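Novice: I am attaching a structure below and will ask some questions about it afterwards.
The values are calculated or read from the model by the stated rules, or taken from the named source; none is laboratory data. This one's a predicted model, so the numbers in the text were calculated from it and none came from an experiment. Backbone-built Cβ (ideal geometry, glycine too); neighbour counts: all protein chains shown.
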Amino acid sequence: MADTSEHTGKRPADTRNTGPGRLLIAVYAIFAISATARAGYQTLTKFSEAPLAYLLSAFAAVVYVVATVSLAKAGRTWFKVSLVAVLVELVGVIVVGALSLFDPVQFPHETVWSAFGRGYAFVPFILPILGLIWLYRRRPAAPAARI
Amino acid sequence: MDAYFYIILGVGLLSTLICMAAGIMKKAPNDITILSVAAVELALLVYLVGSIVRVIAGEQIAGEAWEFWGYLATALLLPVAAVYWSVLERTRWSNFVLAAVGVTALVMAARMNQIWY
């Protein structure tokens, strides 16, 4: 809907919740729900088994929630929040993915980002890349260009 | 894997294929794609009713019961949320959103089967 951007006083183009962005937000929402549920379950039932892995699970869940909400919101500030969240997600999936392969002792338990998201058909690895492409294509115009 | 899983497997995959095809053909969500997602919801409701009957009949869930019901409740919300999200903006991309419901329901049904047995 175009009217959401008018309420915030931004240019109509300064939204990311339209077209392909809607699919991106939907997939992020699915990951936000599943990661939150999984991290909640892990920390409540077996946190002492692998605190580091489960803290990472919880962190990943927060990142997905922030990414989902910020992508759905219009405006320049939310764009920056989205960018940070998606970049953190990309770094996270690469670092945790690599660590889970090279140091299975520290990361013996599955998280969303283990082995580059293999447990989730590698969607956690593809998602931030698609997210960055989408954010780049919908980046806010430079301040000088706005009259 | 039980019959409930295979019903959701069939209905879910069919719904995903229909919605993806419609999206690729640049169509906005229509009766066919929305009804296919409604069929996924119906299949999940059958799973819900069947599970309640089985629990009342005395069958034990092998895994955590609340985890099973949590999955089922979340899965039941997905088609409703996706249809709502897709009718707000009727573009081809909303059909891809609808397409995500079938596969997600399928994965969740597989996990529910693992918890039950």
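Novice: Are any residues in the range A:44-59 of a type in the set (Phe, Trp, Tyr) and under 17 Å from residue A:91 (Cβ atoms), and if so, which ones?
Specialist: Residues of the range A:44-59 of a type in the set (Phe, Trp, Tyr): A:47, A:54, A:59.
Hit for the range A:44-59 is A:59, nothing else.
Novice: Of all residues in the range B:69-105 being touching a residue at least 60 places away in the same chain (Cβ under 8 Å) and small (Gly, Ala, Ser), which is farthest from the other protein chains (Cβ to nearest Cβ)?
Specialist: Applying the filter and picking the extreme gives B:102.
Novice: Which one of these is out of contact with any Pro (no Cβ under 8 Å at 6 or more places or on another chain) and either within 14 Å of chain A (Cβ to nearest Cβ) or not in a helix (DSSP H, G or I) (or both): B:62, B:21, B:43? Please lay out each step first, then the result.
Specialist: Values: B:21 fails: either within 14 Å of chain A (Cβ to nearest Cβ) or not in a helix (DSSP H, G or I) (or both); B:43 fails: either within 14 Å of chain A (Cβ to nearest Cβ) or not in a helix (DSSP H, G or I) (or both).
One residue alone meets the criteria, B:62.
Novice: May I pose another question? So which of B:72, B:77 ends up being exposed (fewer than 15 other Cβ atoms within 10 Å of the Cβ), closer than 18 Å to residue B:12 by Cβ and not β-branched (Val, Ile, Thr)? Reasoning before the result, please.
Specialist: Values: B:72 fails: exposed (fewer than 15 other Cβ atoms within 10 Å of the Cβ).
So the residue among B:72, B:77 that is exposed (fewer than 15 other Cβ atoms within 10 Å of the Cβ), closer than 18 Å to residue B:12 by Cβ and not β-branched (Val, Ile, Thr) is B:77.
Novice: Can you tell me which residue among A:97, A:131 is in contact (Cβ under 8 Å) with a residue 24 or more places away in the chain, touching an Asp or Glu at 6+ places or on another chain (Cβ under 8 Å) and not hydrophobic (A, V, I, L, M, F, W, C)? Full working, then the answer.
Specialist: On the way: A:97 fails: touching an Asp or Glu at 6+ places or on another chain (Cβ under 8 Å).
Testing whether each residue is in contact (Cβ under 8 Å) with a residue 24 or more places away in the chain, touching an Asp or Glu at 6+ places or on another chain (Cβ under 8 Å) and not hydrophobic (A, V, I, L, M, F, W, C) leaves just A:131.
Novice: Give B:87, B:55, B:103, B:107 a once-over and let me know the one that is surrounded by fewer than 19 Cβ atoms within 10 Å (Cβ to Cβ) and in contact with a Pro (Cβ under 7 Å, 6 or more places away or on another chain). Break it down into steps so the answer makes sense when it comes.
Specialist: Numbers: B:55 fails: in contact with a Pro (Cβ under 7 Å, 6 or more places away or on another chain); B:103 fails: in contact with a Pro (Cβ under 7 Å, 6 or more places away or on another chain); B:107 fails: in contact with a Pro (Cβ under 7 Å, 6 or more places away or on another chain).
Of B:87, B:55, B:103, B:107, the one residue that is surrounded by fewer than 19 Cβ atoms within 10 Å (Cβ to Cβ) and in contact with a Pro (Cβ under 7 Å, 6 or more places away or on another chain) is B:87.
Novice: Here is a check on your reading of the model: is residue B:48 within 14 Å of chain A (Cβ to nearest Cβ), surrounded by 12 or more Cβ atoms within 10 Å (Cβ to Cβ) and in a helix (DSSP H, G or I)? Reasoning before the result, please.
Specialist: Working: within 14 Å of chain A (Cβ to nearest Cβ): no; surrounded by 12 or more Cβ atoms within 10 Å (Cβ to Cβ): yes; in a helix (DSSP H, G or I): yes.
In short, no.
Novice: Filter the range B:3-41 down to the residues that are over 17 Å from residue B:86 (Cβ atoms) and in contact (Cβ under 8 Å) with a residue 12 or more places away in the chain and list them by number.
Specialist: Initial filter on the range B:3-41 (over 17 Å from residue B:86 (Cβ atoms)): B:3-11, B:13-14.
Those that are over 17 Å from residue B:86 (Cβ atoms) and in contact (Cβ under 8 Å) with a residue 12 or more places away in the chain: B:4, B:5, B:7, B:8, B:9, B:11, B:13, B:14.
Novice: Please work out which one of (1) more than 30 Å from residue B:86 (Cβ to Cβ); (2) of a type outside the set (A, V, I, L, M); (3) at pLDDT 90 or above is the condition residue A:51 fails and give its number.
Specialist: Unmet condition: (3).
Novice: Among the candidates A:2, A:29, single out the residue that is closer than 19 Å to residue A:135 by Cα, at pLDDT 90 or above and within 14 Å of chain B (Cβ to nearest Cβ).
Specialist: Checking each option against the conditions leaves just A:29.
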